[in-house]
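The values are calculated or read from the model by the stated rules, or taken from the named source; none is laboratory data. What you are looking at is a predicted structure, and each value in this text was computed from that prediction instead of being measured. Don't worry about glycine lacking a Cβ; one is built from the backbone with ideal geometry, like all the others, and counts go over all protein chains shown.
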Amino acid sequence: MSQRSFASAEYAMKKKRTRREKFLGEMERIVPWTRLIAVIEPLYPSSGRVGRQPIGVTTMLRMYCLQQRYGLADEALEDALYDSQALRDFVGIDLSRQSVPDATVGFSSSCHFQLFNWH
């Protein structure tokens, strides 16, 4: 069982649910994440290579969806993930255990979603 950070616990106890949280909750509910990941994973870079290890396919897909929804460049997405607990929860980032992926990895290009002509 994982322990929550103080910030996550405090955020979870707030009274009002924002429009962003409602939208992300709906997106969580209706997007076929498992099926999308199954299509992307065989084409996604795996670990074991020299250099920077790739971000997990699930995290990258969710970050890519946020970029498309909110019209964010890589650097703006990195900042938004640091600023918003709702976005971090959606992507699955807990700042007490890991940092937000660095924008220099090129979220949109390293996803290789261009192969699917998804943008």
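Would you mind stating whether L36 is touching a Phe, Trp or Tyr at 6+ places or on another chain (Cβ under 8 Å), aliphatic (A, V, I, L, M), under 24 Å from R69 (Cα atoms) and at pLDDT 90 or above?
In short, no.
Sort out which residues of segment 90-108 are buried (at least 17 other Cβ atoms within 10 Å of the Cβ) and without any contact (Cβ under 8 Å) to a residue 24 or more places away in the chain, and write them in order of number.
V100
How many residues are within 20 Å of I93 (Cβ to Cβ), in contact with a His (Cβ under 8 Å, 6 or more places away or on another chain) and either modelled with pLDDT of 85 or more or not hydroxyl-bearing (S, T, Y) (or both) if we restrict to segment 41-66?
1
If Y11 meets every condition in (1) touching a helix residue (DSSP H, G or I) at 6+ places or on another chain (Cβ under 6 Å); (2) at pLDDT 90 or above apart from one, which number is that one?
All conditions are met except number (2).
Return the total of residues in segment 83-119 being assigned to a helix (DSSP H, G or I) and either modelled with pLDDT of 95 or more or closer than 16 Å to E21 by Cα (or both).
Number of matching residues: 8.
What are the residues in segment 75-93 that are under 22 Å from V31 (Cα atoms) and of a type outside the set (S, T, Y), if any?
L77, A80, L81, Q85, A86, L87, R88, D89, F90, V91, G92, I93 - these are the residues of segment 75-93 that are under 22 Å from V31 (Cα atoms) and of a type outside the set (S, T, Y).
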